[in-house]
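Quick notes on the structure that follows.
The values are calculated or read from the model by the stated rules, or taken from the named source; none is laboratory data. On a predicted model such as this, the values are computed, not experimentally measured, just so you know. Cβ coordinates were reconstructed from backbone atoms using ideal geometry, including for glycine residues, and neighbour counts include every protein chain displayed. Accessible surface areas use protein heavy atoms only, side chains included; no ligands, DNA or RNA. Shrake-Rupley method; radii C 1.70, N 1.55, O 1.52, S 1.80 Å.
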Amino acid sequence: MPVVVDDGSPAPPSAGHPLRVAVVGAGPAGIFAADALTRQSAVPVAVDLVDRLPTPFGLVRHGIAPDHPKMRAIRDTLHRSLDHPLVRFVGNVEVGTDITLAELREHVDAVIYTYGAALDRHLGIEGEELPGSLAATDVVAWYCGHPDADRGTVEAALAGVRSAVVIGVGNVALDVGRILARTAEELEPTDMPQHVIDALAAAPVEEVTVLGRRGPAQATFTTQELRELGELAAATVLVDAADLELDPDAEARAAADRNAARNLAVLREYATHTPEPGRARLRLRFYSRPVRLLGTDRVTGVEVERTAVDGDGRAIGTGEFEVLPADLVVRSVGYRGSPLPGLPVDERSGTVPNEEGRVLREGRPSPGEYVAGWIKRGPSGVVGHNKHDARETVAALLADAAEGSLRVHGERDDLVHTLRARGAEPVLLEDWRAIDTAEQALGASRGRARTTLHEREALMAAVRAATAR
C-alpha cells in the first residue's frame, strides 16, 4: 500500500497519498463497500479488506446452503472486486486478538465495520439447552464447512434422528429443513465437506416440521425458497389447508404484499399434497408457538400452543396445546451482532449505533468510523440488499473526505508487515487462490466441482504448500 505524507500532518487525499481504508469483514457487505470505494475517482483510496477467516465471501461461502449453487455463484462476481489493484485482501486476522481496534485505526485513515451478525437468538423456553436442541447458526456453519463449526455437537444431535422440528419461517429455516430432507444422491454434487454428506446420509429422517408462530401471510421466506421445497427427490411437502384460511381483511393485506401473495399461491398448491409411502414428509405448520422442549437426556418432543394473529400482527396464545415428537430441534429465530472489543453495539438490536453509516459514540459521529451490512441495519434482506447499504455508507465516508473532516495522516507501518512481525499469518489474495485451487482439486478427486476445506489448519496447509513451491 502507498505511504502517505512525510511530515505526519493530516492532508487531503491525493493520487500519491490515497485515503487508506480498512474494511473489517470480507463478506458481501465488505466487498460491496470496497467496490463502491474503488469505483469512484473523486477521492483517491486504497483498501485493506480484513477478515478473521483465511477465506473471503462471508455468508456467501458459509451461510448460503450448498445445494444452492446458483446463489453461491455470486462469489464469482464478488471475486472481481478482490482483483482490483487498490484492494488488498488480508485474511486470517482477528481484530481484537491479532491487532486491537485502536492499533488498526493507527494504520489507516478510516475503518468500515462490516463483520455481520453471527450470534443466534434464543427462544427463552424450558428445555432449550437439552442435547438435540441446536441453533440454526450451528447447523448452517457445520454443513457449509465453517472452520469454527462444532462438528461433534451437531453430528451427535443428528445421529439416529427420524423426526426434526425447525422453529422459524425465514429462508434459513427452509434451508435447514430442505437439507435435512435431501437424499445423499442430491447432496453428493454439492461442495459440502464429505463428513457432512456422510452424517446426513446416515440420519434416517422421516419427517421435518417447520413451525411458524404466526400465519402464512407473515412468513418471511421468499417464494423462490418455498418453491424449491417442491423439487425434493424423496420428500413431500405438506400444508394444512386450514392454516391458509384467512379472514377478508387478512386476505386483502396479503394480496397487497407481492411476496405474501406469491407464497400463499404456492402454499395452497402444497395443501393439495398427501403423504406418500416411502417418501419423507416436510410439513409447514403455522399458528404454532413452541412453549417448551421435552426430554431428559435429550430432546424428545416440542410442546406447542396454537396461536392467532391479532390486528397488530402479533401472535397470541389460544390455550390449545399439543406435543410434536422430535429427536432434533433447530431454532432459526434470528441473528444478532456481537461487539468487537472497543466498538459499541446496542444489546437490544445487536447493531452498531450509526447515522447513515457513521458510527455514533455517545450519540455523536466518531470521526473515521463507519458501518455497513447486518451489523449496521440488523439481519434482514438478501445478499443484494448489502450493495445499497454499503453505497450509503461509502457516500457518507466520501462526503466526510470531501468536506475535510476525514484526511490522510502521516506515514505509518504497513498493516501486513506489522502483523507478520507479531507472528500473525495474514492470508493475502494469492494465498486465497491457493486455497481455492486445493478445494477444486479435492472436489475433482470426488467427481465434483469443489469440496470445501473445513478445518483452519487444512486451509493454512494449502497456503503453506503453495508458498513452499
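Observations on the model:
- Crossing angle, helix 258-270 versus the chain [Cα axis fit, 0-90 degrees, rounded to tens]: 40
- Length-normalised contact order of the range 134-237 in % [C-alpha pairs under 8 Å, at least 6 apart]: 35
- All Cα-Cα separations within the chain were binned at 10 Å from zero, giving a P(r) of 4, 19, 27, 24, 16, 8, 2, 0, each value a whole percent of the pairs.
- A dipole drawn for the range 44-196 from +1 and -1 charges on Cβ atoms has a positive end, and of I179, G160, W142 the residue lying farthest that way is I179.
- Gyration tensor verdict on the range 46-100 (Cα atoms; rounded if a/c is under 1.5, prolate if a/b is larger than b/c, oblate otherwise): oblate
- Shape call, the range 108-227: gyration tensor on alpha carbons, a/c limit 1.5: rounded
- The value of relative contact order for the chain, using C-alpha pairs under 8 Å at least six residues apart, is 23 percent.
- Taken per residue, the accessible surface of the chain reaches 44 Å², heavy atoms only and a 1.4 Å probe.
- Linear extension gain, D312 paired with A233, 0.36 nm per residue minus alpha-carbon span: 24.5 nm
- Relative to the Cα centre, the charge distribution of the chain, modelled as +1 at Lys and Arg Cβ and -1 at Asp and Glu Cβ, gives a dipole magnitude of about 620 debye.
- Other-chain or far-sequence residues with amide H under 5 Å of V330's (modelled H): L134, V165, V166, I167
- Annotation: amide H of V302 within the under-5 Å range of L294, L324, A326, sequence separation 5 or more or interchain, hydrogens built in the peptide plane.
- DSSP finds beta bridges in the chain, and of those with both partners inside it, around 40 percent are antiparallel.
- For the range 335-351, the Karplus equation 6.51 cos²θ - 1.76 cosθ + 1.60, evaluated at θ = phi - 60°, returns couplings of 10, 8, x, 10, x, 6, x, x, 10, x, 9, 5, 5, 6, 8, x, 10 Hz by residue, with Gly and Pro reported as x.
- 19 Å cut-off, amide nitrogen to a point 7 angstrom out along R464 Cα→Cβ, residues in the range 48-71: 53-55
- Between D150 and H84, the modelled labels are 3.8 nm apart [label points 7 Å from Cα along Cα→Cβ].
- Here the range 330-410 is assigned +1 on the Cβ of each Lys and Arg and -1 on the Cβ of each Asp and Glu. Its dipole about the Cα centre then comes out at about 280 debye.
- For the chain, the share of accessible area belonging to carbon and sulfur comes to 50 percent (1.4 Å probe, ligands and nucleic acids excluded).
- Under-5 Å amide H pairs with T236, H placed in peptide plane, nonlocal only: A280, R281, L282
- The range 1-157, dipole about Cα centre (Lys/Arg Cβ +1, Asp/Glu Cβ -1), debye to the nearest 20: 700
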